[in-house]
Amino acid sequence: MKKFLIFLLLLSGINFAANAADTADYKQYTIIKTTNNYVPLRDAASDNAKRFSHLEKGVKIFADDTKNNFFRVDLGLDKYYWINKKYVDVATKVQKKELATIDEIQIYENPKYYIAKIKLSDIPPYNEIETSKNSVDFIIYDSILDKDKLIQTIQTNADFKISKDEFDNLKISYYSNKPLSGHNVQIEGNNLLLKVKKPFLYGENKPFENLTVIVDPGHGGSESGAVAFNLKEKDINLQISKKLKNSLRKNGAKVYLTRETDEYKDLYKRVDFAKSKNADIFISIHQNSLPNRKKVNEKHGTGVYYYNKEAYELSKEIKDSLVKKTGFRDDGVNLASFAVIRATDPVSVLVECGYIIHPKEAKKISDANFQKKIAKAITIGIKNYLKNNF
Ligand SMILES: [Zn+2]
């Protein structure tokens, strides 16, 4: 029996504005608005600082200071966050934060997603925090909720919980007994759509039916990737990706490559492409190298990388299957902040099939029959992921 809990304390008429207004009296805020998608809000005023949140285009933010090329953002939390000036338009200055009002919360589903639709007077900053591989919290900052005016409708049995975080921000939590199959926030007019993909389905006969997979051959064109033994990584990546596409299609998946030829493609264009295809799973194909190539006798083999907790199980199954089929050394399941795997929808992983700088592995990963073996191993890995989790 699935349930949803509405925390009554949320509706007990607490005015979130009071505290913010007290401290805001002596401050001056610059209103800025995001002009891009995937805009990172960071822990410090540097492009290398840790990412706190990602914002879509059209988010209204109150900045209270600047440093280097960054605006400082006060979200009323226990620390400040920073946004690069190149991602925002500057509107005007104000003495007080004008907090967005939350007018309506509607929770419903469509064939592919569970959706919490939040109607607001403006779109304030927000966050998606994976609290485990099975659960996500959506937090909405700089907003006020008036219990007398709030309209709430719940039209799904999905496990959503509405509450507040420790700083009194609206928190909408989703829990599943399976790993998350993707989630994202979308801005639609004055609405924030907090979307969670319904769990993938697994059917023994056609395991990949209803599944859209993006295969991303790493590098391309002017960007060769790693080069060794007269081999270019970009070529091997494309060769393996094409074989993977065939293998996945045979199992019923809808498959698209981010590039079909030897062309340069921006990393974010690859992510956008996946989004435009409504992809479920994203697999980036690479061959590894090392800054110090002499160490390749110690570190080589097949490894898979993920960024979001939800992608761990898929990484593990693909890595296990590859190690088994190729006989390569186990180079692990690894956490890494690569642009192509940061999206939370689709479930995204990056596969380093082998080390192009390792003599034996280079020979194998460039061999057409061995490449088929790799493609098959990845296909089995995805199948096992579906079978063991859904
Ligand atoms: Zn690469």
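Tabulated results
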item	result
Residues of region 273-305 classified as at negative phi and within 16 Å of the ligand (Cβ to nearest atom), total	18
Meets criteria (outside any strand (DSSP E or B), at pLDDT 95 or above and crowded, with 24+ Cβ neighbours inside 10 Å) for Leu314	yes
All positions within region 208-245 that are over 24 Å from the mean Cα position of the chain (by Cα) and either among the hydroxyl-bearing types (Ser, Thr, Tyr) or closer than 28 Å to Tyr113 by Cα (or both)	Ser222, Ser224
Candidates Ser173, Ser143, Ser163, filtered to the one that is away from the ligand (no atom under 16 Å from the Cβ), modelled with pLDDT under 95 and among the hydroxyl-bearing types (Ser, Thr, Tyr)	Ser163
Sole exception among (1) in contact (Cβ under 8 Å) with a residue 40 or more places away in the chain; (2) in a helix (DSSP H, G or I) for Lys294, by number	(1)
Subset of region 335-366 (residues that are within 15 Å of the ligand (Cβ to nearest atom) and touching a Gly at 6+ places or on another chain (Cβ under 6 Å))	Glu352, Glu361, Ile365
Of residues in region 213-244 being surrounded by fewer than 18 Cβ atoms within 10 Å (Cβ to Cβ) and either at pLDDT below 95 or hydroxyl-bearing (Ser, Thr, Tyr) (or both), the one farthest from the ligand (Cβ to nearest atom)	Ser222
Filter pass, Asp262 being within 14 Å of the ligand (Cβ to nearest atom), among the charged types (D, E, K, R), in contact (Cβ under 8 Å) with a residue 24 or more places away in the chain and on the phi < 0 side of the Ramachandran plot	no
Strands (runs of 3 or more DSSP E) wholly inside region 1-71 that include at least 1 residues being at pLDDT 95 or above and surrounded by fewer than 16 Cβ atoms within 10 Å (Cβ to Cβ)	51-55, 60-67
Filtered residues of region 185-198 (kept if buried (at least 18 other Cβ atoms within 10 Å of the Cβ) and either under 15 Å from Thr156 (Cα atoms) or out of contact with any Leu (no Cβ under 8 Å at 6 or more places or on another chain) (or both))	Leu194, Lys195, Val196, Lys197
Odd one out for Ile123, checked against (1) modelled with pLDDT under 95; (2) in a loop (DSSP other than H, G, I, E, B); (3) within 28 Å of Lys79 (Cβ to Cβ)	(1)
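The values are calculated or read from the model by the stated rules, or taken from the named source; none is laboratory data. Since the structure is predicted, the reported quantities are computational estimates derived from the model, not experimental observations. So basically every Cβ, Gly included, is an ideal-geometry build from the backbone, and we count neighbours across all protein chains shown.
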